[in-house]
Amino acid sequence: MSDKIDCREAHNRLLDYLKQELTPELAAEVQAHLERCRPCFKQAKFEQSFLLMLQEKARGTCCPGELRARILTALRAEQETD
Amino acid sequence: MAEPTTAGRQFDAEALPHLDALYRVALRLTGDPTQAEDLVQDTMLKAYRSWRQYRPGTNAKGWLLTILRNTFINDYRRRKLEPVATDLETVEPHAIYRNVEEVDPEGAFFSKIVDEKVLEAVDALPPDFREVLVLSDMEGMSYGEIAESLRIPVGTVKSRLFRARRQLQSSLYRYAVETGIIPARETDDE
């Protein structure tokens, strides 16, 4: 079976593919291309590292405990007026 | 502290798990921890007051982030000195994968950059770009959810994301070269 899409098309869809935003059909075409094309596969790994890094950096920050407590107090006060 | 009411308990169960995400997005939008705290608290109170409009079982995180974002636009944005939008005059950076495919094809340099520098680079993006990047690539919202929340077409979400990612990759690449995390290419033009 030959590729349905070329490198250019695979490249255009790459980030959407990694973000799981493609329809199953379009995703399958990208996947089939990546399995056959080493340069595109390598670039996919690169873009994946970028996305994983961003997710990871985001998780490093949490809501401060003091703020959480302040919000709970404010919510309870709000409920008493219900 | 008084015992929560039934509605309060439902709200707590659906909304409180998203406080971390709300705080993170608030930090990126306001660029200031004190304002971010106020924004999260305002958001939670507004959300509680409009709790009846929330359809249980739908996307609580998206619903809360929409309230946070609207509150920010209406009450906070004016307070913050945004950098003048420069995206029209800046030259679109090219994809940086070509610069690193010889020295670091897997992009290992990204995770070697300290958190603080990455977040600074995110904060330096033009506001419209920063917003979609934070919601999509840091908080995991889908393009459709972002489009709904920001009331813009999905195509606009995608084009902003495309440019945000390119600009961010380019500035992280420059930082990585400057600090010696990766060697500069001899052909890099200044």
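Every read-out reported here was derived from the displayed coordinates using simple, explicitly stated rules and does not represent laboratory data. This one's a predicted model, so the numbers in the text were calculated from it and none came from an experiment.
Mean-square fluctuations from a GNM of chain A, with a 10 angstrom spring cutoff on Cα atoms, peak among A:LEU26, A:LEU15, A:LEU67 at A:LEU67. Rounded to the nearest 10 degrees, the angle from helix B:60-71 to the longest Cα principal axis of chain B is 80 degrees. Here, P(r) means the percent of Cα pairs in each 5 Å bin from 0 to the largest distance; for the range B:97-178 it is 3, 15, 25, 21, 17, 12, 6, 2, 0. If the segment from A:ARG76 to A:GLN31 were pulled out straight at 0.36 nm per residue, it would be longer than the present Cα-Cα gap by 11.1 nm.
May I ask which of A:LYS19/B:LYS117; B:LYS61/B:LYS112; A:LYS19/A:LYS57; A:LYS4/B:LYS112; A:LYS19/A:LYS42; A:LYS45/B:LYS61 have a Cα-Cα span longer than 26 Å here?
Numbers: A:LYS19/B:LYS117 24 Å; B:LYS61/B:LYS112 30 Å; A:LYS19/A:LYS57 17 Å; A:LYS4/B:LYS112 37 Å; A:LYS19/A:LYS42 17 Å; A:LYS45/B:LYS61 29 Å.
Too far apart for the 26 Å limit: B:LYS61/B:LYS112; A:LYS4/B:LYS112; A:LYS45/B:LYS61.
Largest first and in whole Å, the equivalent-ellipsoid semi-axes of chain A read 46, 16, 7, each the square root of five times a Cα gyration tensor eigenvalue.
Counting pairs of alpha carbon atoms under 8 Å apart in space and at least six apart in sequence, what relative contact order in percent does chain B give? Kindly include the intermediate steps, with their values, before the conclusion.
Details: 138 pairs, mean separation 43.7, N = 190.
Relative contact order, chain B: 23 percent.
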